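The structure follows.
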Amino acid sequence: MNPNILILGAPGAGKGTQSEKIVDEFGVEHVTTGDALRANKQMDISHLDLEYDTPGEYMDQGELVPDEVVNEIVDKALSEADGYVLDGYPRNLDQAEHLSNITDLDVVLYLDVDEDVLVSRLTGRRVCEECGATYHVDFNPPEEEGVCDECGGDLYQREDDSEETARERIRVYDENTQPVVEFYDESGELARIDGEQTPDEVWTDVKATIEDRA
Ligand code: ADP
Ligand code: AMP
């Protein structure tokens, strides 16, 4: 059976970058609530009678999409996966409790990156609109500017990677998601990895940790 892996870290810590490698190496599904929500930004959630009527309105401001919307996405994705790397969830303690009711984790990774590094990582991020591969204009540039090395697709900048929204997302992370990191740390499950190394060095540590624990 393939491992169930949780990858935690602030926005820009490198979760998506490392998840791509985990998928290739361990044959698991990449379950990412951010991608799932981006594909459903205009979904009508007015029947839930929440502050906004679509996920996109929360996302464009850097706020969390309400739990009832996100939990449903995760329930479905995990029930269909033979092993997964879960990226972008849980983002608060209620989501962490929900997760503990629906699945068992084999490995909990935490990519540790200082806050002052995160903003430049987010504002320089570029993503392939075809295959979702992630680049950085300075730290991990594609061979040809604006073109994906993997599939030749066009690269774009996410709307929420503006400096203002990036800073708000980091604030929301500190308030809501840092307690989730502490929760897994206290339970003794958390494998802390230095996320400020180069992507290849981070990968060496990530791979060794999964092989050791899964
Ligand atoms: P997350 O999924 O945690 O938000 P990403 O994997 O999308 O983070 O990475 C954010 C940005 O930082 C991307 O532009 C990516 O290319 C770059 N990046 C990822 N890992 C590193 C690293 N170890 N060193 C420098 N830049 C990195
Ligand atoms: P990400 O791609 O992980 O950076 O997520 C982008 C945006 O999607 C976040 O800023 C939130 O608005 C929303 N989002 C992603 N995952 C969650 C989650 N687990 N809970 C609430 N909102 C989420």
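What follows is calculated from the coordinates using simple rules that are stated; it is not laboratory data. The structure displayed is predicted, hence computed values, not measured ones. So basically every Cβ, Gly included, is an ideal-geometry build from the backbone, and we count neighbours across all protein chains shown.
Treating the chain as a set of equal point scatterers at the Cα positions, no solvent, please give the Debye-formula log₁₀ I(q)/I(0) at q = 0.13 Å⁻¹.
Here log10 of I(q) over I(0) equals -0.73.
Report the relative contact order of region 1-54, percent, no decimals, based on alpha-carbon pairs under 8 angstrom and at least 6 residues apart.
That works out to 23 percent.
With a ≥ b ≥ c taken as the square roots of the eigenvalues of the C-alpha gyration tensor of region 161-200, please select rounded if a/c is under 1.5 and otherwise prolate if a/b is larger than b/c or oblate if it is not?
Because a/c hits 1.5 or more and a/b fails to exceed b/c, region 161-200 counts as oblate.
Still on this structure, please answer the following. For region 70-75, in order, what is each residue's ³J(HN,Hα) by Karplus, 6.51 cos²θ - 1.76 cosθ + 1.60 with θ = phi - 60°, in whole Hz (x at glycine and Pro)?
6, 4, 5, 4, 5, 3
Just to check, using Stokes-Einstein with a Kirkwood Rh over alpha carbon pairs, what's the diffusion coefficient of region 5-126 at 4 °C and 1.567 mPa s in µm²/s?
Rounded to a whole number, D works out at 85 µm²/s.
Which of rounded, prolate, oblate describes region 75-153, given a ≥ b ≥ c as roots of the alpha-carbon gyration tensor eigenvalues and a/c under 1.5 marking rounded, otherwise prolate only if a/b is larger than b/c?
oblate
Where does the charge balance sit around D138 when Lys and Arg score +1, Asp and Glu -1, over other residues with C-beta under 13 Å from its C-beta?
Its environment carries a net charge of +2.
Could you work out the helix-only [θ] at 222 nm for the chain, with each DSSP H run of four or more residues adding -39,500 (n - 2.57) and the total divided by the number of residues, to the nearest 500 deg cm²/dmol?
On the way: 9 runs with 90 residues, N = 214.
For the chain, the value works out to -12500 deg cm²/dmol.
Starting at the first residue of region 58-69, write each ³J(HN,Hα) from the Karplus equation 6.51 cos²θ - 1.76 cosθ + 1.60 with θ = phi - 60°, in whole Hz, x for Gly and Pro.
In residue order, the calculated couplings are 6, 5, 5, 9, x, 8, 6, 6, x, 4, 4, 6 Hz.
DSSP loop (so not H, G, I, E, B), at most 10 other Cβ within 10 Å: list which GluC sites (Glu not before Pro) in region 37-112 pass both filters.
E51
Could you work out the relative contact order of the chain, using alpha carbon pairs under 8 angstrom and six or more residues apart, expressed as a whole percent?
29
Sticking with this structure for a sec: Give the Rg (one decimal place) followed by the Dmax (whole number) of region 122-197, computed from C-alpha coordinates and expressed in Å.
Using the Cα atoms of region 122-197, the pair Rg, Dmax is 15.9, 45 Å.
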